[in-house]
Amino acid sequence: MSTPPESREEAIARLTRSASALEAATTSDKTADAVAQAVAGKAYRIVAELIGGVLVGLALGFVVDRFAGTTPWGLIGGVLFGFAVSIWMAWQTTKRLQAEADAAGVVPKSIPFDDEDDEER
């Protein structure tokens, strides 16, 4: 029960199909990893903007307190100003990312509301 020998052209066609399937499988994995890394990078950027804005505001408030002698009002104002600026920067970043996603044709998935968790409490 041996298989009939295949011609050279059939063997080349079979190997080409196998190579194409393997390339498609490995390419999709690489692009999925690249997309995941890009999304994580964008998320880390937003977190850095939020934390960085508050820290810069804190530092500026400290400098104002040090030279103007308005302790603790410079720190309080600096933290509030830094928080407001960091929220604004994060908002601008999310708007830009949403515009990029819209231009690329990415459609967000709808997540249904699950009220079962609320009923258990």
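The values are calculated or read from the model by the stated rules, or taken from the named source; none is laboratory data. What you are looking at is a predicted structure, and each value in this text was computed from that prediction instead of being measured. Here the Cβ is made from the backbone with ideal geometry for all residues, glycine too, and neighbour counts use every protein chain on show. Calculation scope for accessible area: heavy atoms of the full protein, side chains included, ligands and nucleic acids excluded. Shrake-Rupley method; radii C 1.70, N 1.55, O 1.52, S 1.80 Å.
So the values come out like this:
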quantity	calculated
Among the candidates Ala68, Ala24, residue that is of a type in the set (A, V, I, L, M), over 21 Å from the mean Cα position of the chain (by Cα) and either at pLDDT below 90 or open to solvent by 80 Å² or more (accessible area, probe 1.4 Å) (or both)	Ala24
Matching residues in the stretch 72-90 - criterion: being more than 15 Å from Ala48 (Cβ to Cβ) and assigned to a helix (DSSP H, G or I)	Trp73, Gly74, Leu75, Ile76, Gly77, Gly78, Val79, Leu80, Phe81, Ala84
Residue in the stretch 37-51 that is part of a helix (DSSP H, G or I), open to solvent by 90 Å² or more (accessible area, probe 1.4 Å), among the charged types (D, E, K, R) and at pLDDT 85 or above present	yes
